[in-house]
Amino acid sequence: MSLTIITDSGADLPIQFYQDNHVALLPLKVLLDGKEYDDHIEIEPSTVFQAIREGKFPTTSQVPPSRFEELFTKMAKNKEAGIYIAFSSQLSGTYSTGVMIHNQVKEEYPDFDLTIIDSKCASLGVGLVVMEAVRLAQTGLPKDELINRIQFHAQHMEHLFTVNDLDYLAKGGRVSKASAFLGGLLNIKPLINVEDGKLVPIEKHRGKKKLMNRIIELMNERGEGLDQQIIGISHADNEETALEMKTMIEAEFHPAQITISDIGAVIGAHTGPGTIAIFFLNKMPS
């Protein structure tokens, strides 16, 4: 029985990755100027960031149930096994919809072998888990072992990120409007991580350089075996800072690889342009 790795566009991986590795992609939706787009497929992140700079407010929605039903039914008919690695259930209803449609499809196809994993990760944090799943699947690892390794990777994925303008997080209810105003005045940048799938502000720093140095310190404190890892950097229309972070991480940790990706239109609509995020493991598999 063939095995299909599935994820949604909350993973912020480039389209080419899905094509090259035969990963099934379920796109979330972006609504802009009265038109709905498939994230990563029909709209460029830069379009959303430009709209935000012009004062527009793109909205987003989860993967529609019909997309799940189409994919899951096709797989069930073809007797394909699957593992769906989902964007954090704390940040999107997509995981719950996937579970609901999976249960419906199993009523008609009781032998449908699909496992859905709530990654509790976001952006390239999910992406790195998917990349590891693809690598392991290509080694022929049995599905049960593959699931255990994927879950380990997801549970130990660290997220450290900052936004360029606190106003975007304020609009999404992530910080108060008062602190957003204060941050803008004093050049204060929030440092945020993901705990059990939720966004949690942990620190604030004045100025970009201090913040970048603090990210390196936290990677030192939290990371394990960073020289053996693929470390992820995602950015929202801020390649310059992403490359600066890459240089600092290479100099400090000499990782096996650093991968840089664009934050997609859906996540970017909530974080705003300028966001930088770093992803790494706090524990290595034995």
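Tabulated results
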item: In region 96-105, the residues that are over 19 Å from the mean Cα position of the chain (by Cα) and either open to solvent by less than 40 Å² (accessible area, probe 1.4 Å) or without any contact (Cβ under 8 Å) to a residue 12 or more places away in the chain (or both); result: I101, H102, N103, V105
item: Region 106-137, residues that are surrounded by 21 or more Cβ atoms within 10 Å (Cβ to Cβ) and part of a helix (DSSP H, G or I); result: L124, G125, V126, G127, L128, V129, V130, M131, E132, A133
item: The one condition in (1) open to solvent by less than 30 Å² (accessible area, probe 1.4 Å); (2) modelled with pLDDT of 95 or more; (3) in a helix (DSSP H, G or I) that E217 fails to fulfil; result: (1)
item: Candidate set: region 220-229, residues that are in contact with a Pro (Cβ under 9 Å, 6 or more places away or on another chain) and buried (at least 18 other Cβ atoms within 10 Å of the Cβ); chosen: the one nearest to I263 (Cα to Cα); result: Q229
item: Strands (runs of 3 or more DSSP E) contained entirely in region 1-80, each with at least 2 residues that are hydrophobic (A, V, I, L, M, F, W, C); result: 3-8, 24-26, 29-32
item: Some residue of region 257-271 being assigned to a loop (DSSP other than H, G, I, E, B) and open to solvent by 70 Å² or more (accessible area, probe 1.4 Å); result: no
item: Odd one out for G140 among (1) in a loop (DSSP other than H, G, I, E, B); (2) in contact with a strand residue (DSSP E or B) (Cβ under 9 Å, 6 or more places away or on another chain); (3) at pLDDT below 95; result: (2)
item: Qualifying residue in region 229-239 (condition: of a type outside the set (S, T, N, Q) and in a helix (DSSP H, G or I)); result: yes
item: Residue in region 1-17 that is farthest from T97 (Cα to Cα), counting only those that are open to solvent by 10 Å² or more (accessible area, probe 1.4 Å) and hydroxyl-bearing (S, T, Y); result: S2
item: Restricting region 272-286 to residues that are touching a Ser or Thr at 6+ places or on another chain (Cβ under 8 Å) and either part of a strand (DSSP E or B) or free of Cβ contacts under 8 Å to residues at least 40 places away in the same chain (or both), the residue that is surrounded by the most Cβ atoms within 10 Å (Cβ to Cβ); result: A277
item: Residue count, region 23-57 (criterion: under 21 Å from D118 (Cα atoms) and open to solvent by 50 Å² or more (accessible area, probe 1.4 Å)); result: 0
item: Residue list for region 113-135, filter: charged (D, E, K, R), more than 19 Å from N282 (Cα to Cα) and in contact (Cβ under 8 Å) with a residue 12 or more places away in the chain; result: D113
item: Residue list for region 238-256, filter: touching a strand residue (DSSP E or B) at 6+ places or on another chain (Cβ under 8 Å) and either open to solvent by less than 10 Å² (accessible area, probe 1.4 Å) or not β-branched (V, I, T) (or both); result: N238, E239, A242, L243, M245, K246, I249, E250, F253, P255, A256
item: Count - residues of region 68-95 that are open to solvent by 70 Å² or more (accessible area, probe 1.4 Å) and farther than 19 Å from I263 by Cα; result: 6
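The values are calculated or read from the model by the stated rules, or taken from the named source; none is laboratory data. If you're wondering where the values come from, they're calculated on a predicted model, not measured in any experiment. Cβ sites come from the backbone with ideal geometry, for glycine too, and all protein chains shown count toward neighbours. Only protein heavy atoms, including side chains, enter the accessible area calculation; ligands, DNA and RNA are left aside. Shrake-Rupley method; radii C 1.70, N 1.55, O 1.52, S 1.80 Å.
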